[in-house]
Amino acid sequence: MLSRRVRRRAEQGQALIMALAFIAFFGLVTTAVLQFADTVELQQSHAQATSELHAEAEGGMFLAAEAAAQKGSCALPSTPVAITMAGTDDGVGYVTTACNPGATADLIADQCAVCVLGQSGVKPTLSVQGTLTARGPIAVTGDASSGVVLPAGTADTRSTVTTSGGLEPGFIACSGTCGPDPSADYLPAAGTLTEGPSPTVTPPSVTPEYGCQPFTGDGTGGSHIPAGCYSSISVDCSGVGVSCSYQLDPGVFVIDGRFRIGDNSGLTTTVNAPGSVLLAFMPKGHGDPGGSLLINPSGVLNLDDGPILGNDDVVLYAEPGAGGITIDDGGSLSAQGTLFAPSAALDVNGTGTVTINPNAPDVPSGDLIVGSLSVDTQADVSVTATPPSPGYCWVYADNVLDGASNVIGQVVVESDCSGGSGTHIISINYGS
């Protein structure tokens, strides 16, 4: 057996080893804790510096968002807006660089109230010297011109949408150039589409018929025009010497020649459709222009009872290859439903008027879709289409500025979607 002294020394040695091990372990832990503290302090330092760097930009971003909520509509050109941060000498601000970027531009193209799709050999595809107003987007394939100064004022190309506060400036955009001054000649300022408009309208299913008979009326015979196929329709009041009217019976009218209403006698010839109809203008082939509509200075066409049930809202249709639609000085066309002539020209001359109204208040309805559109100096085209669901949004792309007007970030803000009052920041990019 070991002596008591030897055992005591062994125990003292073990205690010394354990003490040294503890000291070593404590040193490692202390070093690790200190290193961790250094890392946390470094991260806090970086976070504080980043926060200070971003705080100024974020002030400008929230200013831009608040302004979007107040303004509702987005318009260009934009002047810089600035404020001074409370309790500091720091200034922040923003300037709007684009309206309706990204998906909202597609909304303009897909849900246009006035859709000018482009027509071969016609430039510009939209020419407004009189007045064009629409409740909804105006979208144009190719170039548009506007802003001709008239004796009575200035040409007016205007788009409005319904918001929680009522009608506000809407959207106008071209895949080419809207000119001569997009900011002065359009309300709101015209923007740019990456592609032309693509309205979602189903063409009516109409079978062309040939060898049909013409219909001619001078006011002396019956006033009814039965639905059916016609090589032409020509009506006026020359036989009675006073203004007169005709009635389109409900149904489909397939026309592969000219539909002429009125003459130059000064007598008003009115054609009404008290029931649902479809006027379908068809091509004739062999270079013939085919079906076309001419409303003379004394002519009036009212298609105000809406389209045939299940006809996708179309009340007047021009098949590709058919002729155009001409409203002469003093003539008038009114329709409740969509006018769909995707490759035809609509020319409104002199003091002619075109009014397109929605067929129902709760569905997208009442669009004007043509290949080209020309509005003469005193002519008026009004389209009061029903805004589609989910509706429209204004989207602002803003540069954020510091007190010296340097760009320190970008923010995209969405405001007043679907006529509501909400405002949301879509994206934030720190730095210029």
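When Asn296 is tested against (1) within 29 Å of the chain's Cα centre (by Cα); (2) polar (S, T, N, Q); (3) farther than 19 Å from Leu373 by Cβ, only condition (1) is not met. Against the numbered list (1) under 16 Å from the mean Cα position of the chain (by Cα); (2) surrounded by fewer than 18 Cβ atoms within 10 Å (Cβ to Cβ), Leu193 comes up short only at (2).
When the residues of the stretch 281-320 are narrowed to those that are among the small types (Gly, Ala, Ser) and in a strand (DSSP E or B), which ends up surrounded by the most Cβ atoms within 10 Å (Cβ to Cβ)? It would help to see each step written out before you state the result.
First, the residues of the stretch 281-320 that are among the small types (Gly, Ala, Ser): 285, 287, 290-292, 298-299, 306, 310, 318.
Filter once more, keeping what is in a strand (DSSP E or B): 285, 292, 299, 318.
On the way: Gly285: 11, Ser292: 21, Gly299: 25, Ala318: 31.
Result: Ala318.
When Tyr230 is tested against (1) under 29 Å from Ala385 (Cα atoms); (2) over 37 Å from the mean Cα position of the chain (by Cα), just one condition goes unmet, and that condition is (1).
Looking only at the stretch 250-280, how many residues end up being at negative phi, in a strand (DSSP E or B) and without any contact (Cβ under 8 Å) to a residue 60 or more places away in the chain?
In the first step, residues of the stretch 250-280 are kept if they are at negative phi; the result is 250, 252-261, 263-265, 267-280.
With the extra rule that they be in a strand (DSSP E or B), the set shrinks to 252-255, 258-261, 269-272, 277-280.
Next, from what is left, pick out any that are without any contact (Cβ under 8 Å) to a residue 60 or more places away in the chain: 252-255, 259-260, 269-272, 277, 279.
Total meeting the criteria: 12.
Has the stretch 204-222 got any residue that is touching a helix residue (DSSP H, G or I) at 6+ places or on another chain (Cβ under 8 Å) and not hydrophobic (A, V, I, L, M, F, W, C)?
At the first step, the residues of the stretch 204-222 found to be touching a helix residue (DSSP H, G or I) at 6+ places or on another chain (Cβ under 8 Å) are none.
Among the residues of the stretch 204-222, not one is touching a helix residue (DSSP H, G or I) at 6+ places or on another chain (Cβ under 8 Å) and not hydrophobic (A, V, I, L, M, F, W, C), which makes the answer no.
From the set of residues in the stretch 394-432 that are charged (D, E, K, R) and in a strand (DSSP E or B), which is modelled with the highest pLDDT?
First pass over the stretch 394-432, keeping only residues charged (D, E, K, R): 398, 402, 414, 416.
Subset that is in a strand (DSSP E or B): 398, 402, 414.
Details: Asp398: 91, Asp402: 87, Glu414: 81.
This residue is Asp398.
Among residues of the stretch 343-392 being surrounded by fewer than 24 Cβ atoms within 10 Å (Cβ to Cβ) and at positive phi, the one that is modelled with the lowest pLDDT is Gly391.
Test Gly266 against the stated conditions and say whether it is within 20 Å of Gly228 (Cβ to Cβ), out of contact with any strand residue (DSSP E or B) (no Cβ under 7 Å at 6 or more places or on another chain) and surrounded by fewer than 21 Cβ atoms within 10 Å (Cβ to Cβ).
Values: within 20 Å of Gly228 (Cβ to Cβ): no; out of contact with any strand residue (DSSP E or B) (no Cβ under 7 Å at 6 or more places or on another chain): yes; surrounded by fewer than 21 Cβ atoms within 10 Å (Cβ to Cβ): yes.
So Gly266 fails the test.
When the residues of the stretch 112-129 are narrowed to those that are crowded, with 24+ Cβ neighbours inside 10 Å and more than 14 Å from the chain's Cα centre (by Cα), which ends up farthest from Tyr186 (Cα to Cα)?
Per the criteria, the residue is Thr125.
The values are calculated or read from the model by the stated rules, or taken from the named source; none is laboratory data. Since we're looking at a predicted model, the values are computed, not measured. Because the Cβ atoms are built from the backbone with ideal geometry, glycine has one as well, and the counts that use them run over all protein chains shown.
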